[in-house]
1. Answer yes if at least one residue in the stretch 282-296 is touching a residue at least 24 places away in the same chain (Cβ under 8 Å) and open to solvent by 30 Å² or more (accessible area, probe 1.4 Å), and no otherwise.
2. Anything in the stretch 454-478 that is part of a helix (DSSP H, G or I), over 18 Å from Ser222 (Cβ atoms) and either in contact (Cβ under 8 Å) with a residue 60 or more places away in the chain or open to solvent by less than 30 Å² (accessible area, probe 1.4 Å) (or both)? List them, or say none.
3. Pick out the one residue from Ser189, Ser180 that is part of a loop (DSSP other than H, G, I, E, B) and hydroxyl-bearing (Ser, Thr, Tyr).
4. Considering each residue of the stretch 41-58, count those that are assigned to a helix (DSSP H, G or I) and surrounded by 12 or more Cβ atoms within 10 Å (Cβ to Cβ), and give that number.
5. Being open to solvent by less than 40 Å² (accessible area, probe 1.4 Å), part of a helix (DSSP H, G or I) and either within 18 Å of Cys395 (Cα to Cα) or touching a helix residue (DSSP H, G or I) at 6+ places or on another chain (Cβ under 8 Å) (or both): is that true of Ile358 here?
6. Select from the stretch 261-285 the residues that are of a type in the set (A, V, I, L, M, F, W, C) and in contact with a helix residue (DSSP H, G or I) (Cβ under 8 Å, 6 or more places away or on another chain) and write down the one among them that is nearest to Cys410 (Cα to Cα).
7. Pick from the stretch 185-210 the residues that are at pLDDT 90 or above and on the phi < 0 side of the Ramachandran plot: which of them is farthest from the chain's Cα centre (by Cα)?
Amino acid sequence: MGSLSKTRRILGIVGSVLNEVISFIVFSFLDILDVLLCVIYKVFDFFIEAEWKPCYCSSTKEVITNINSHGKILVSEKGESKIVSLCSTTLQLDDISDTLYTRSSLVSDISKTTVKELKKLKKVDHDHKRNTIKYSSRSERIVNKNGGSVRSTFTINSTIVEMLQEKIGGSQAHPIPRWSDCDCKTCNSWSSGFSKETLFVKAQGPKDHAKEDVLFIHGFISSSSFWTETLFPNFSDVTKSSYRLLAVDLLGFGRSPKPTDSLYTLRDHIDMIERSVIEPYKVKSFHIVAHSLGCILALALAVKYPGSVKSLTLLAPPYFPVPKGENPTQYVLRRVAPRRVWPMIAFGSSIAAWYEHISRTICLLICKNHRCWEFLTKLITRNRMKTYLIEGFMCHTHNAAWHTLHNIICGTAGKLESYLDAVNNQLKCDVNIFHGLDDELLPVECSLAVQTRIPRANVKVIEKKDHITIVVGRQQSFARDLEDIWKKTSG
């Protein structure tokens, strides 16, 4: 037994080293490829749409916000200045994650780490502050010579400035859909009529006199079908007749609007849920069930409606406690997307998070042609396999996925602790957390970390289940779990 465990340990070390070496080679190549694709897409965008599409490879611009100017911002770069009026009800710049435009290459990261370690070995104690990029969360206050207006200075990418100008001006800069996005009826059913203003909502249950409402929020690159095709058919007749079940397609996903000028911030997602579910359905008392990225939105809603939420059920919440001294957004980016070729789900998340133009290429090949992939899947499996997971995975735009990943998963890293503390201290609702033991994207430690902030939370770890099969494949069992939670809360 001793020799066997020793052999396993050696093989584990060898495997880890190989993963590191291969990952370095692969991601160094991807760093170069993404730069080349940037140029290629600019050319294609120009010839097809007669304009350059802004991207986050652009240089940063210093933005000075005059606190007393009612939302006007001064944009300056290389001696050129421009005043932009910003409606405060539309967007706050601190909703934008710096991970959109400050993602260093793998070679650069390793170089910095090596230099850092060498400095430690030499015991060089120097206090070097990196002020190249000033984050909005570390704003610098400036007072003019007359002691007048006070301003905050921070850095913002020029792409964000361009998108803000489009949003503020009320003009649609890009056609819908973009040439690289899908043009099918399913993906663009929102582009005409009233559906532009609201999310797609699948409602099931009594229209009037429902005992309580249940809001289902899906995760990243998914859709409402994650719930409607799994849980909804497996709820008991009593539940279906007592509860109104409301599953949404988040902004940018499924059949919901996919605006090209949106930055898909937390505020955008929450506002759309309120406008599409809470207000039109007159929701007053409700339960929330959320998966992965949806857990962040669930926590934000719970904090906003503390007296209305009856229970909070979170599946694989993406919560990584940030060590002291670390930049929260950058730390979470490295944890969610570690730039490793193995496991495959980590490789996929790394490409989606680190490479703007490679991920756009993947969307071009997969999302734009999702009807073809669905047909091939049905043909190969002889129609034995339901394609709702494929539909959910492919029915989105690159713009929606890119901004949602960075502005929600990474951008809220500094807010999650305050949300969790608010749920613990201000809400009385039951909190239940489910996590698959084999989840290779978000480890079980994420859920256990949530429990440390909310001690009353009940954490249930499901063996032999991962990020998706925590629901898919055990829908009957999970439906019973939810019914027990709601019954207990109502009782």
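The values are calculated or read from the model by the stated rules, or taken from the named source; none is laboratory data. All figures in this text were calculated on a predicted structure; none of them were measured in a lab. Glycine gets a Cβ as well: all are built from the backbone with ideal geometry, and neighbour counts include every protein chain shown. Each accessible area value is taken on the protein alone, full model and side chains, heavy atoms only, with ligands, DNA and RNA left out. Shrake-Rupley method; radii C 1.70, N 1.55, O 1.52, S 1.80 Å.
1. Yes, because at least one residue in the stretch 282-296 is touching a residue at least 24 places away in the same chain (Cβ under 8 Å) and open to solvent by 30 Å² or more (accessible area, probe 1.4 Å).
2. The answer is Gln476, and nothing else.
3. Answer to the check: Ser180.
4. Result for the stretch 41-58: 7.
5. Considered against the rule, which asks whether it is open to solvent by less than 40 Å² (accessible area, probe 1.4 Å), part of a helix (DSSP H, G or I) and either within 18 Å of Cys395 (Cα to Cα) or touching a helix residue (DSSP H, G or I) at 6+ places or on another chain (Cβ under 8 Å) (or both), Ile358 comes out as yes.
6. Looking at residues that are of a type in the set (A, V, I, L, M, F, W, C) and in contact with a helix residue (DSSP H, G or I) (Cβ under 8 Å, 6 or more places away or on another chain), I get Leu266.
7. So the residue we want is Pro206.
For every residue, the table says whether it meets (1) closer than 26 Å to Arg103 by Cα; (2) more than 21 Å from the chain's Cα centre (by Cα); (3) open to solvent by 10 Å² or more (accessible area, probe 1.4 Å).
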site: Leu365; (1), (2), (3): yes, yes, yes
site: Tyr419; (1), (2), (3): no, no, yes
site: Ile433; (1), (2), (3): no, no, no
site: Asp439; (1), (2), (3): yes, no, yes
